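I have placed the structure first, in the form of structure tokens, so that the comments after it can refer back to it.
The values are calculated or read from the model by the stated rules, or taken from the named source; none is laboratory data. These numbers were taken from a predicted model, which means no experiment stands behind them. Here the Cβ positions follow ideal geometry from the backbone for every residue, glycine too, while neighbour counts run over all protein chains shown.
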Amino acid sequence: MVSPSAKEVFIQGITHDGRTFRPSDWAERLAGVMSSFRPGGARPGSHLSYSPWCLPTTQGGVKCVVVHRDLQGHEPMAWDFVMNFARDNNLQVVEACLLPDAPAPASPPGTPPTA
């Protein structure tokens, strides 16, 4: 069961018994199917990019699909589809929050800039 407090859930390409899920492009395929589910609804050409609510990625060398909780509020059947996909394929689901990359540390005063 997924708690409503997490901003995102990560569907990981690892089964509950530790096997790598196949095919290797499963995350891109799932995110592609979900591409029309986006803020403001489907628009012409929206199938050409991933929805911000369902993005393929890799975490620690494991293929994942990050599913944002907003999908559940706007398109409950689409949310059910991705959660049922994970359940039906025995995939691990982790509640998390995708953090942006950290900015580069600032140089101490008087340090020449690097190129």
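So here's what we get for this one:
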{"quantity": "Residue among Phe10, Phe85 that alone is in a strand (DSSP E or B), modelled with pLDDT of 95 or more and in contact with a strand residue (DSSP E or B) (Cβ under 9 Å, 6 or more places away or on another chain)", "calculated": "Phe10"}
{"quantity": "Matching residues, the stretch 43-54, being under 14 Å from Glu8 (Cα atoms) and surrounded by fewer than 18 Cβ atoms within 10 Å (Cβ to Cβ)", "calculated": "Pro52"}
{"quantity": "Ser51 within 10 Å of the chain's Cα centre (by Cα) and of a type outside the set (A, V, I, L, M)", "calculated": "yes"}
{"quantity": "Of all residues in the stretch 13-50 being at pLDDT below 90 and of a type in the set (D, E, K, R), the one that is farthest from Ala78 (Cα to Cα)", "calculated": "Arg43"}
